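Peer 1: Here it is, the structure in full.
What follows is calculated from the coordinates using simple rules that are stated; it is not laboratory data. Please read these numbers as outputs of a predicted model, since none were measured by experiment. All Cβ positions, glycine included, derive from the backbone under ideal geometry; neighbour counts span all protein chains shown.
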Amino acid sequence: MLQILQKQLDESTSCPLCRAAMYWVEAEQYDQELSYHECSYCEHKVYPGNLHSCHCPACEKKRKQLIKEALVQENRKLKNKGKDKDMIEHKLNQLSFIQKLFLLSMLDDQVHENTQHDEYIYWERIKFQPFSPNYLYQKQLIKQLLDQQILVAKEFADEAGQYYVNVRLDGYSEPSLFSITHQLRQWFYQNLSQGVPFHSSDEVKDAIYELMYEKVVQFMQFYCRIWQVQISGNNSFKSLCFRLLDSLAVGQIFYLVQTALDYLHGQKLLQARNEKFINTNLLKKTVEQYRERGLQEKWMTTTLPHPPQLPMSKMVEILFFRFLNYDEMIFVQPIWKIWEKIEPRLKFYALKRCMHCGSDELDVDYDAQHYVSLFCRRCKQQDHYFTQ
C-alpha cells in the first residue's frame, strides 16, 4: 500500500516522455521509504536507480509491444526449427528499388562517418519523421520490411521498435549500418557512376508513379486538415490517380482534388471520420466527373504549384532531386514527358555489360549528356557508348 507523505513541483526536472514538469514525491510503501519523480501531465514515474517499474499508460503500452515482438520472434524460431537456416538473409542489391530508397531515407540523416551511432534503427523514436509523403505509406513500408525479414527486431531489446538491417553486402560478412548506408549513397547520389539501385528502368518508373500518388494523398490530407476532416487513399482512388498520372501533371491533379474537396465541403457532404472510406469514395467520384466533363468540353486543367507549406519527404527529395536531378518543376510536368528524358539513360545503365567479357563490374571514365565511356574492372576493356 502506497502512502504519499509529500508531493511538490520540481520545475527543474522534465518528463522524458512528454517534457512536462515533474513532481518530487516522498512516500512510504510497506513501512519502507520511497522517493520518485512523477510527471504532472502523463503520470510517468522515474525512480532513482530504476529499482521500480512505472505503470503509466505509455510504459504499459511499451511493455505490451515488447511482449508482442518477443512472441513474433519465438513463433518464427518454432516455425524454422529443424531448418538449416533460422533466418532469410538478403543481399542489399536484391532488394526492390523502393525498399532501397526507403532504407536510405531512414539512414541518411542518422548515419555519418564522423558522428556516433549504433547499429540499430529505433523506429518508435523516428516513426513520425517525414521519410515518405504520408505516415500510412511509411507504416506500410516498414511492415513490408519486417514481413520479409529485411528488418529484424533485436532480441531482449530495452525498447519496442528496435531493429537491425538483415542484409548482406559483397565484401562484408556482417556489414555495419555505415557500410550499408555508404553503398546506398553510392547508388543514389553518384549519378549512376558507382552502380545502379534498380534491376530495370521500369522499377524507377513504378516508384515515380507510387510517390506521385502518395503526394496526392498527402495534399488532400493537408487540405482537409483545416476542416478537421479525415481522409486517406484506397485502391480504387489509387487506380484513378494512376490513370490521371498517365496524362496529367501532379499539379493538375492537385487542382482537381482541391476543386472537388471545395465542392464537397460547400455541400456539407464530407464526414468528420472517413469510415468505410466514405470521404475517399466521394472525392474519387467527384474527381472522375470533373475529369470526364473537362475532356468532353475540352477544358484546360489548371496546374497548381507544389504548396510551400506541404512538407517535402526524404524519399521524394532523394528520388526526384538527387537521383533524377530534377527540381520542383517535376510536379508541373506529366510523367510521360519526364520519362522521355530520363528513360534512355536509365535503360542503358540497367543493361550495360562489358563488350569483351560480359561483366557488369564497370567504372564510368567519362559521362556527358549523350555519351558515356566505361572501364571494365575485370578485363580492363574500355567501351564507348552513345546513350541516345
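Peer 1: Would you work out the charge dipole size for the chain about its Cα centre, treating the Cβ of every Lys and Arg as +1 and the Cβ of every Asp and Glu as -1, and quote it to the nearest 20 debye?
Peer 2: 1500 debye
Peer 1: Right, here's the next one. Under the rule of at least 5 residues apart or a separate chain, name every residue whose amide H is placed under 5 Å from the amide H of His90.
Peer 2: Arg168
Peer 1: With only Lys, Arg, Asp and Glu charged, each at its Cβ (+1 for the first two, -1 for the last two), find how big the charge dipole of region 91-199 is about the Cα centre; round to the nearest 20 debye.
Peer 2: With only Lys, Arg, Asp and Glu charged at Cβ, the dipole is about 440 debye.
Peer 1: Past 23 Å, Cα to Cα: identify those pairs from Lys205/Lys337; Lys61/Lys100; Lys100/Lys143; Lys154/Lys314, in the order given.
Peer 2: Lys61/Lys100; Lys154/Lys314
Peer 1: Output the relative contact order of the chain, whole-number percent, from Cα pairs under 8 angstrom with separation of 6+ residues.
Peer 2: Contact order relative to length: 12 percent.
Peer 1: Given charges of +1 on the Cβ of Lys and Arg and -1 on the Cβ of Asp and Glu, with all other atoms neutral, how large is the dipole of region 198-350 about its Cα centre, in debye to the nearest 20?
Peer 2: 300 debye
Peer 1: Angle between the Cα long axis of helix 278-296 and the longest principal axis of the chain, 0 to 90 degrees, nearest 10?
Peer 2: That works out to roughly 20 degrees.
Peer 1: Compute the long axis of helix 135-147 from its Cα atoms, compare it with the longest principal axis of the Cα atoms of the chain, and write down the angle in degrees, 0 to 90, nearest 10.
Peer 2: 90 degrees
Peer 1: Further, regarding this structure: Kindly express, to the nearest 10 degrees and within the range 0 to 90, the angle between helix 335-351's C-alpha long axis and the longest C-alpha principal axis of the chain.
Peer 2: 90 degrees
Peer 1: If you don't mind, there's one more thing I want to ask. Please list the non-local residues whose amide H lies under 5 Å from the amide H of Phe131, H modeled 1.01 Å from N, same-chain partners needing a gap of 5 or more.
Peer 2: Distant-sequence amide H within range of Phe131: Lys314.
Peer 1: Quick check on region 165-226: take the gyration tensor over C-alpha atoms, sort the square-rooted eigenvalues as a ≥ b ≥ c, and tell me if it's rounded (a/c under 1.5), prolate or oblate. Before the final figure, lay out the partial values.
Peer 2: Values: a/c = 3.09, a/b = 1.96, b/c = 1.58.
Since a/c reaches 1.5 and a/b is larger than b/c, the shape of region 165-226 is classed as prolate.
Peer 1: Which of Ile278, Ile142 comes first, and how do the rest follow, when ranked by fewest Cβ neighbours within 10 Å?
Peer 2: Ile278, Ile142
Peer 1: Sticking with this one: Region 220-324: which GluC sites (Glu not before Pro) are DSSP loop and have at most 10 other beta-carbon atoms within 10 angstrom?
Peer 2: Passing sites in region 220-324 are Glu297.
Peer 1: If I take R0 = 22 Å and measure r between the Cβ atoms of His265 and Ser236 in this structure, what FRET efficiency does the formula 1/(1 + (r/R0)^6) give, to the nearest 0.05?
Peer 2: 0.55
Peer 1: Further, regarding this structure: What FRET efficiency would be calculated for the residue pair Glu317, Glu33, taking the C-beta separation as r and a Förster radius of 56 Å, to the nearest 0.05?
Peer 2: For Glu317 and Glu33, the calculated efficiency is 0.55.
Peer 1: Can you work out ³J(HN,Hα) from phi for every residue in region 241-250, in order, using Karplus 6.51 cos²θ - 1.76 cosθ + 1.60 and θ = phi - 60°, giving whole Hz and x for Gly and Pro?
Peer 2: 4, 5, 5, 5, 5, 5, 10, 10, 7, 4
Peer 1: Using only DSSP helix segments of four residues or longer, with each worth -39500 (n - 2.57), what per-residue ellipticity at 222 nm results for the chain after dividing by its residue count and rounding to 500? Provide the component values of the computation, followed by the final result.
Peer 2: Numbers: 10 runs with 152 residues, N = 388.
About -13000 deg cm²/dmol.
Peer 1: Something else: For a quick check: sort Met329, Met312, Met220 by the number of other beta carbons within 10 angstrom, fewest at the front.
Peer 2: Result, fewest neighbours first: Met329, Met312, Met220.
Peer 1: Evaluate E = 1/(1 + (r/R0)^6) for Val46 and Gln194, where r is the Cβ-Cβ distance and R0 equals 56 Å; express this FRET efficiency to the nearest 0.05.
Peer 2: Computed FRET efficiency for Val46 and Gln194 comes out at 0.75.
Peer 1: Then there's this: For the chain, compute Rh as the Kirkwood radius over C-alpha pairs and then the Stokes-Einstein diffusion coefficient at 10 °C and 1.306 mPa s; write the answer in µm²/s, rounded to an integer.
Peer 2: D, rounded to a whole number, is 64 µm²/s.
Peer 1: In addition: List the trypsin sites (Lys or Arg not before Pro) within region 181-276 that DSSP assigns to loop and that have no more than 16 neighbouring Cβ atoms inside 10 Å.
Peer 2: Of the trypsin sites (Lys or Arg not before Pro), the ones in loops of region 181-276 whose Cβ has at most 16 other Cβ atoms within 10 Å are Lys268, Arg273.
Peer 1: Let me ask something else. Could you derive backbone 3J(HN,Hα) for region 186-193 from the dihedral phi with the Karplus parameters 6.51, -1.76 and 1.60 (θ = phi - 60°), listing whole Hz in sequence and x where the residue is Gly or Pro?
Peer 2: 4, 6, 8, 10, 9, 6, 6, 6
Peer 1: A further question on this structure: Extending each Cα 7 Å along its Cβ direction at Trp336 and Asp10, get the distance between those two points in nm, one decimal.
Peer 2: So the two model labels end up 6.8 nm from each other.
Peer 1: Full extension from Arg125 to Trp24: what is 0.36 nm times the residue separation minus their Cα-Cα distance, to one decimal in nm?
Peer 2: Details: separation 101, 0.36 × 101 = 36.36 nm, distance 2.68 nm.
Full extension from Arg125 to Trp24 adds 33.7 nm.
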